[in-house]
1. What is the residue count in region B:23-47 for residues that are more than 13 Å from B:ASP90 (Cβ to Cβ), of a type outside the set (A, V, I, L, M, F, W, C) and over 13 Å from the mean Cα position of the chain (by Cα)?
2. Pull up region A:76-85, narrow it to residues that are part of a loop (DSSP other than H, G, I, E, B) and not small (Gly, Ala, Ser), then point me to the one that is farthest from A:LYS42 (Cα to Cα).
3. What are the residues in region A:72-88 that are buried (at least 21 other Cβ atoms within 10 Å of the Cβ) and more than 9 Å from every other protein chain (Cβ to nearest Cβ), if any?
4. What are the residues in region A:89-102 that are part of a strand (DSSP E or B) and surrounded by fewer than 24 Cβ atoms within 10 Å (Cβ to Cβ), if any?
5. Pull up region B:71-102, narrow it to residues that are in contact with a Lys or Arg (Cβ under 9 Å, 6 or more places away or on another chain) and among the hydrophobic types (A, V, I, L, M, F, W, C), then point me to the one that is nearest to the other protein chains (Cβ to nearest Cβ).
6. Could you list all residues from region B:91-116 that are in contact with a Phe, Trp or Tyr (Cβ under 9 Å, 6 or more places away or on another chain) and either modelled with pLDDT under 95 or not in a strand (DSSP E or B) (or both)?
Amino acid sequence: DIQMTQSPSSLSASVGDRVTITCRASQSISTYLNWYQQKPGKAPKLLIYIASSLQSGVPSRFSGSGSGTDFTLTISSLQPEDFATYYCQQNYHARSFGQGTRLEIK
Amino acid sequence: EVQLVESGGGLVQPGGSLRLSCAASGFTFSTYWMTWVRQAPGKGLEWVANINQDGSETYYLDSVKGRFILSRDNAKNSLFLQMNGLRAEDTAVYYCARGTGSFDIWGQGTMVTVSS
């Protein structure tokens, strides 16, 4: 099984900050990596697919990069609506998610 | 509007059964793989199972193999998850989602609680 490990597990930041979340796979997954945002009590929302492709309707302040085992999600300038939990997910072999990164207001 | 609506969750005793449904609208259901993802209270997301367009291929999380059965009715734009032999660790919100690699449309989820 492919294990996905996100860091940090939680993060405090301010509106306007640039934030980076990291996701590491236990083996190479090429670019079969997706990112989701989840707000409390709501379903997840797809942000980024195939490591760096922005899902339709997602603001351009969100970007993704990486390949192989190391990936990043960057939010260039945090907005109030971005405070949420973020998950990475691989679809190279079976499907698995990272444990999540909770982004909180400082 | 593209939409997925789950139903069928509830409280069930250990060893019991439950059938979840997911009604799709606003897109051509028969052309998409579909997936179930669950989330235990306060925990992260866990992929459960997926099914191809005509229902001929299904894949399951190891811990649910032999207990859960995924099916679909394309004529009714519906997805089903038959859950048997339920365990406490199956307690979660169950989401249906469109796709197999990435999941671009999600339902609101239905809560399944396994407890005596």
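The values are calculated or read from the model by the stated rules, or taken from the named source; none is laboratory data. All of these numbers come straight from a predicted model, not from anything done at the bench. Glycine also receives a Cβ, built like all others from the backbone with ideal geometry; neighbour counts cover every protein chain displayed.
1. Selection size over region B:23-47: 8.
2. That would be A:LEU78.
3. A:LEU73, A:ILE75, A:TYR86, A:CYS88
4. Listed by number, the residues that qualify are A:SER96, A:PHE97, A:THR101, A:ARG102.
5. If we take residues in region B:71-102 being in contact with a Lys or Arg (Cβ under 9 Å, 6 or more places away or on another chain) and among the hydrophobic types (A, V, I, L, M, F, W, C), then B:VAL93 is nearest to the other protein chains (Cβ to nearest Cβ).
6. Result: B:GLY99, B:THR100, B:GLY101, B:SER102, B:PHE103, B:ASP104, B:GLY107, B:GLN108, B:GLY109.
Conditions tested, residue by residue: (1) loosely packed, with under 14 Cβ neighbours inside 10 Å; (2) among the β-branched types (Val, Ile, Thr).
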{"residue": "B:ASN50", "(1), (2)": "no, no"}
{"residue": "B:ASP54", "(1), (2)": "yes, no"}
{"residue": "B:TYR60", "(1), (2)": "no, no"}
{"residue": "B:ILE69", "(1), (2)": "no, yes"}
{"residue": "B:ASP73", "(1), (2)": "yes, no"}
{"residue": "B:LEU81", "(1), (2)": "no, no"}
{"residue": "B:ALA88", "(1), (2)": "yes, no"}
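Table: residues versus (1) within 11 Å of the chain's Cα centre (by Cα); (2) within 22 Å of B:THR35 (Cβ to Cβ); (3) assigned to a strand (DSSP E or B).
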| site | (1), (2), (3) |
| --- | --- |
| A:SER12 | no, no, yes |
| A:ILE21 | yes, no, yes |
| A:ASN34 | yes, yes, yes |
| A:GLN37 | yes, yes, yes |
| A:PRO40 | no, no, no |
| A:ALA51 | yes, yes, no |
| A:PHE71 | yes, yes, yes |
| A:THR74 | yes, no, yes |
| A:TYR87 | yes, yes, yes |
